[in-house]
Amino acid sequence: MVKSVLIADDNAFVRQRLGDLFSREPDFEVCGEAENGRKAVEEAQELHPDLILLDLSMPVMNGLDAARALKRLMPEVPIVMFSAYSDSFR
């Protein structure tokens, strides 16, 4: 059974690359994308994905706040949060 994935990241390049990764897997299909947390919540309610990928740092609503809202609305859907943030220590 194919699992649907919603990808939320404010960077279009990251969304595209993650979509490419999932498109190579026969058990997954990308059902939607969102450029901020609020849009991710709206898309998830409409699309009912099996998995949600959230960037931690997004405008309008960050990934953490979106995850809280999504868990209230659809507690059974797994959420994977990620970040490209790095801090160099020297």
If we keep just the residues of the stretch 62-72 that are within 20 Å of residue 31 (Cα to Cα) and at pLDDT 95 or above, which is surrounded by the most Cβ atoms within 10 Å (Cβ to Cβ)?
66
In the list 49, 59, 75, which residue meets the criterion of being open to solvent by less than 20 Å² (accessible area, probe 1.4 Å), on the phi < 0 side of the Ramachandran plot and either part of a loop (DSSP other than H, G, I, E, B) or of a type in the set (Ser, Thr, Tyr) (or both)?
49
I need a count of the residues in the stretch 21-46 that are part of a strand (DSSP E or B) and either in contact (Cβ under 8 Å) with a residue 40 or more places away in the chain or surrounded by fewer than 18 Cβ atoms within 10 Å (Cβ to Cβ) (or both).
2
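The values are calculated or read from the model by the stated rules, or taken from the named source; none is laboratory data. Since the model is a prediction, treat every value here as computed from it, not as a measurement. Reconstructed Cβ throughout: ideal geometry from the backbone, glycine too, with neighbour counts over all protein chains shown. These area figures cover heavy atoms from the full protein model, side chains too; ligands, DNA and RNA do not enter into them. Shrake-Rupley method; radii C 1.70, N 1.55, O 1.52, S 1.80 Å.
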